[in-house]
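Novice: Could you have a look at this structure, given as structure tokens, before my questions?
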Amino acid sequence: MVWDKMKELNLDDKIEEHLKDVSQRDSNAVEGVITDSEMLQKVKELIHQGMDPRRIGEQLGLSIRQVNIVKDMLGKM
């Protein structure tokens, strides 16, 4: 699970508290992005292009909440 990995990396204390309380579905989707280097690179590129979370989600098949969680994690790493 992605949250276990965040704890291993000592990043869990940097994640906003409300983002730690997510559904299993969101957690699985976020884990899939974070652990897939190609998908993670796509997210980074879309953020760099200035896309908002809704458009990023549409491009990658993620919800806005899932995109926001990934963005928050990227900002902390």
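Every number in this text was worked out from the coordinates using simple rules, so none of it is lab data. The shown structure was predicted, so the numbers you read here are calculated from the model rather than taken from an experiment. Quick reminder, even Gly has a Cβ in these numbers, built from the backbone with ideal geometry, and neighbours come from all protein chains shown.
Novice: Considering each residue of the stretch 23-63, count those that are closer than 16 Å to LEU74 by Cβ, outside any helix (DSSP H, G or I) and either touching a residue at least 12 places away in the same chain (Cβ under 8 Å) or in contact with a helix residue (DSSP H, G or I) (Cβ under 6 Å, 6 or more places away or on another chain) (or both), and give that number.
Specialist: Here the count works out to 1.
Novice: Could you list, in sequence order, all residues of the stretch 41-59 that are buried (at least 17 other Cβ atoms within 10 Å of the Cβ) and touching a Leu at 6+ places or on another chain (Cβ under 9 Å)?
Specialist: The answer is VAL43, LEU46, ILE47, PRO53, ILE56.
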